[in-house]
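Read the structure below first, then the notes.
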Amino acid sequence: MTGHKGRECPKCRGKRCTANNCTNPRYIYNRDLKCGCKKEEIIYKNRFTDTHCCKCKRSFCIYKLDNKYQCSTCRKGKAKQINTNNGNQWKYNNNDIDSQESV
């Protein structure tokens, strides 16, 4: 990965990190799996994104996650849990209707 562009950390978009060494505590906590998630459960989409949503287990950049380490899809409740042979997986609704909206 290349260095900073515009003096912004590529991992957390912060301005205090040194080149290619993110020191953001939220990033380090999630990257090092101190959240309780298991590495086998996480669905990595590429080798550069090493943080993840703790609910759906998909990899996301840390700046796309909220303070509970959830992606926008999980935060809005558009993911529902289903059981598979591999354990818990998440399936995404394609409906535009919120589950709490009245019809």
| Cross-link pairs beyond the 24 Å C-alpha cut-off, checked among K15/K39; K15/K68; K15/K38; K11/K55; K38/K64 | K15/K39; K15/K38
| remark: Karplus-derived 3J(HN,Hα) from phi for segment 7-22 (6.51 cos²θ - 1.76 cosθ + 1.60, θ = phi - 60°), whole Hz, x at Gly and Pro, runs 6, 10, 5, x, 8, 10, 6, x, 10, 9, 7, 7, 3, 6, 9, 5
| remark: For C37 and T18, extending 7 Å from Cα along the Cα-Cβ vector and measuring point to point gives, in nm, a value of 2.8 nm
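Fully extended, how many nm does the chain gain between K45 and E8 (0.36 nm per residue separation, minus their Cα-Cα distance)? Walk me through the numbers on the way to the answer.
On the way: separation 37, 0.36 × 37 = 13.32 nm, distance 2.26 nm.
Full extension from K45 to E8 adds 11.1 nm.
Values quoted throughout were computed directly from the atomic coordinates according to the rules given, and no laboratory measurement underlies them. It should be emphasised that the depicted structure is a prediction, and the values quoted were computed from it without experimental measurement. Positions of Cβ are generated from backbone atoms using ideal geometry, with glycine treated the same way; all protein chains shown enter the neighbour counts.
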